[in-house]
Amino acid sequence: MRTLLDPLLHAGLEHWPTTVRRHFLVPGAGAESGVDMGEDRTIDLSGIDACFHADVAALHRNMSDHGVQRDDPVRSVFGLLGDRWSTLILLVLSLGTWRHAELRRVLGRLGAEERISQRVLTLKLRTLEREGMVTRQVIDSIPPKVNYALSPLGRELHSEADLLIKWVNARESAIRLARAKFDQITD
């Protein structure tokens, strides 16, 4: 998405005021229309070293385009990956389709907490379903059965999360060393 500030990003920020205002143009409307969509996003650069102004403004622009609101996908998906159960749920569902009770048992056996409540599992599954990562299939039987599986989007996220897990595992000793150094300094 083009903004009014794009040409200025290449010119440097030494002549910019300490406040950067973003005005969004309607895509396809052309720069000459200058339609303001009413989303005036502001960042105050006062008190920040001038050598960082350009990078902070670029980061701000990127965040404004992709995720400053709590419900924006970039924030919610990273939040899922960082919570206690969602990544483990993705890993288990990558193995196949699971019924709720069976999924709960395997998560309890694999998780560090050794137990996930039915309520928490249901909330996590509903959140993952809302984000498009999990599919829920109700089978009409007595009693009704519910199966959970990864959606195509969930399989893609699992692949990316698996890369991140491999990255962490490959650097485990460096991370543990950094922790030990930090703990020595702060003790």
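Please identify the pairs in which a residue from the range 29-55 that is under 21 Å from H66 (Cα atoms) has its Cβ atom under 6 Å from the Cβ atom of a residue that is β-branched (V, I, T) and at pLDDT below 85, counting only partners at least 6 apart or on another chain.
Going by the 6 Å Cβ cut-off, the qualifying pairs are A29/V35; V35/V26; T42/T19; I43/V20; D44/T19; L45/T18.
May I ask you to verify whether L107 is in a helix (DSSP H, G or I) and surrounded by 15 or more Cβ atoms within 10 Å (Cβ to Cβ)?
So L107 fits the description; yes.
Determine the pairs where a residue that is touching a residue at least 12 places away in the same chain (Cβ under 8 Å), located within the range 145-157, has a partner that is among the small types (G, A, S) and not in a strand (DSSP E or B) with Cβ atoms under 8 Å apart, the partner being 6 or more residues away or on another chain.
Sorted first by the residue in the range 145-157, then by its partner, the pairs are A149/G96; L150/S94; S151/G132; L153/G132; G154/G132; R155/S94.
Take V146 and tell me if it is among the aliphatic types (A, V, I, L, M) and exposed (fewer than 10 other Cβ atoms within 10 Å of the Cβ). Step through it out loud before you land on a result.
Numbers: among the aliphatic types (A, V, I, L, M): yes; exposed (fewer than 10 other Cβ atoms within 10 Å of the Cβ): no.
Taking the combined requirement at face value, the residue does not satisfy it.
Using beta carbons and a limit of 9 Å, which pairs, at least six apart or on different chains, have the first residue in the range 89-103 and outside the structural domain of V138 (by TED's automatic domain parsing) and surrounded by 13 or more Cβ atoms within 10 Å (Cβ to Cβ) and the second one assigned to a helix (DSSP H, G or I) and of a type in the set (A, V, I, L, M)?
none
The values are calculated or read from the model by the stated rules, or taken from the named source; none is laboratory data. Computed from a predicted model, the values in this text were never measured in an experiment. No Cβ is skipped: glycine too gets one built from the backbone with ideal geometry, and neighbour counts run over all protein chains shown.
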